[in-house]
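S.K.: Let me begin by handing over the structure; questions about it come next.
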Ligand SMILES: Cc1cc2nc3c(=O)[nH]c(=O)nc-3n(C[C@H](O)[C@H](O)[C@H](O)COP(=O)(O)OP(=O)(O)OC[C@H]3O[C@@H](n4cnc5c(N)ncnc54)[C@H](O)[C@@H]3O)c2cc1C
């Protein structure tokens, strides 16, 4: 008997899961809230690690396409002092393919390929143990039943309450994101400052990071420690007011660095939330979580990588289990996922403390010592 499998969310976790199942001729229903693949900007760039994200793409059969699209030169990383002095200027070697960058939108399209997504499906609740399976409720009042529901629906997962009462907490750090377009022609100085990859500047309890995506697009993240209620204002329509607040917050930093904020057009507030390190739950038959839904952590280059690999690994395990009940497979997968995610959650949580903390020398030390967990 073929099991009815649904994955909620068409982000990195959900699409990797669906694509690998598709590769093994296993049907899966992908339920995504967005009304289509390009309706909202996909966001900036992601570096995919050899043993994580790239391994997942290999399992999905799209590693060669990734290699053709990705930007190994985007691994370059420059660190400046707040006065603009260059403290580190690291460039990858010609054959370094450890962590090439790819735009989020390109990654999505790569994984989508032949995968059939049901767009515009807003899931509100997942109810296990209904007798005939796991019931999925939609915002328009419909319900649908599956044998296995995989929650890959991100930080504010509607699937998570079916297995865990835990909700994300504020980390104490807020990021305000802005971007620059066509940087090579419109802002050549900032293009040089950012280089082929990223530039980061660390001050006391604040940091400014700029990352180049393809097509001359640069995303800028201003990060700072602040109480949640001061900086979560949703109204970022007044870009001038947000820019002025940021320039005041980073007052005294070198003018070329502040130009990254001066030339930013739109601003988006992103208070950084996380689930507790080593978040686990008592296994619930028929429901599981992947990616941020399972282990939201500070954005230090791991979340999308873990999400991709988990999606690919769970799909492979289910395919290998054949047509039997996948519940034991899911249970064993969860144990592996929890152990690996806990290592990364510990690493990224400690990393955020050092990168946006009272002693900027700690950020530099982290860059010099970095030994990410496997
Ligand atoms: C500023 C920033 C920078 C980052 N940089 C990096 C990086 O460089 N490298 C890295 O590895 N990670 C990075 N991350 C983390 C990474 O973005 C996430 O860990 C990753 O996107 C998680 O993938 P996911 O598939 O679990 O969830 P998501 O990417 O959040 O995808 C969830 C999907 O589910 C859909 N969805 C949500 N709710 C519902 C619902 N109720 N019904 C139906 N669909 C729903 C959403 O529309 C979305 O498509 C960064 C994060 C941030 C905030």
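The values are calculated or read from the model by the stated rules, or taken from the named source; none is laboratory data. These numbers come from a predicted model, not from an experiment. Using ideal geometry, Cβ is built from the backbone for each residue, glycine included, and neighbour counts are taken over all protein chains shown.
S.K.: For residue 214, state whether it is at pLDDT below 95 and in contact with a helix residue (DSSP H, G or I) (Cβ under 9 Å, 6 or more places away or on another chain).
M.R.: Yes: the conditions hold for residue 214.
S.K.: Still on this model: From the set of residues in segment 347-358 that are touching a residue at least 24 places away in the same chain (Cβ under 8 Å) and more than 17 Å from residue 273 (Cβ to Cβ), which is farthest from the chain's Cα centre (by Cα)?
M.R.: So, considering only residues that are touching a residue at least 24 places away in the same chain (Cβ under 8 Å) and more than 17 Å from residue 273 (Cβ to Cβ), the one farthest from the chain's Cα centre (by Cα) is 358.
S.K.: Kindly indicate whether any position in segment 39-54 is in a helix (DSSP H, G or I) and either out of contact with any strand residue (DSSP E or B) (no Cβ under 8 Å at 6 or more places or on another chain) or modelled with pLDDT of 95 or more (or both).
M.R.: Yes: segment 39-54 contains one or more residues that are in a helix (DSSP H, G or I) and either out of contact with any strand residue (DSSP E or B) (no Cβ under 8 Å at 6 or more places or on another chain) or modelled with pLDDT of 95 or more (or both).
S.K.: Taking only segment 258-283 into account, find how many residues are outside any loop (DSSP other than H, G, I, E, B), touching a helix residue (DSSP H, G or I) at 6+ places or on another chain (Cβ under 7 Å) and touching a residue at least 24 places away in the same chain (Cβ under 8 Å).
M.R.: So the answer is 6.
S.K.: With the structure loaded, tell me whether residue 33 is in contact (Cβ under 8 Å) with a residue 24 or more places away in the chain, part of a loop (DSSP other than H, G, I, E, B) and within 8 Å of the ligand (Cβ to nearest atom) or whether it fails that test.
M.R.: yes
S.K.: Quick one: is residue 173 under 30 Å from residue 92 (Cβ atoms) and either within 16 Å of the ligand (Cβ to nearest atom) or touching a strand residue (DSSP E or B) at 6+ places or on another chain (Cβ under 6 Å) (or both)?
M.R.: When the stated conditions are applied, residue 173 passes them.
S.K.: Shifting gears a bit: Examine segment 81-98 for a residue that is at negative phi, in contact (Cβ under 8 Å) with a residue 24 or more places away in the chain and within 12 Å of the ligand (Cβ to nearest atom), and state whether such a residue exists.
M.R.: No, the conditions are met nowhere in segment 81-98.
S.K.: Moving on to the next point. State yes or no: is residue 150 touching a helix residue (DSSP H, G or I) at 6+ places or on another chain (Cβ under 9 Å), crowded, with 22+ Cβ neighbours inside 10 Å, over 24 Å from residue 41 (Cα atoms) and outside the structural domain of residue 268 (by TED's automatic domain parsing)?
M.R.: yes
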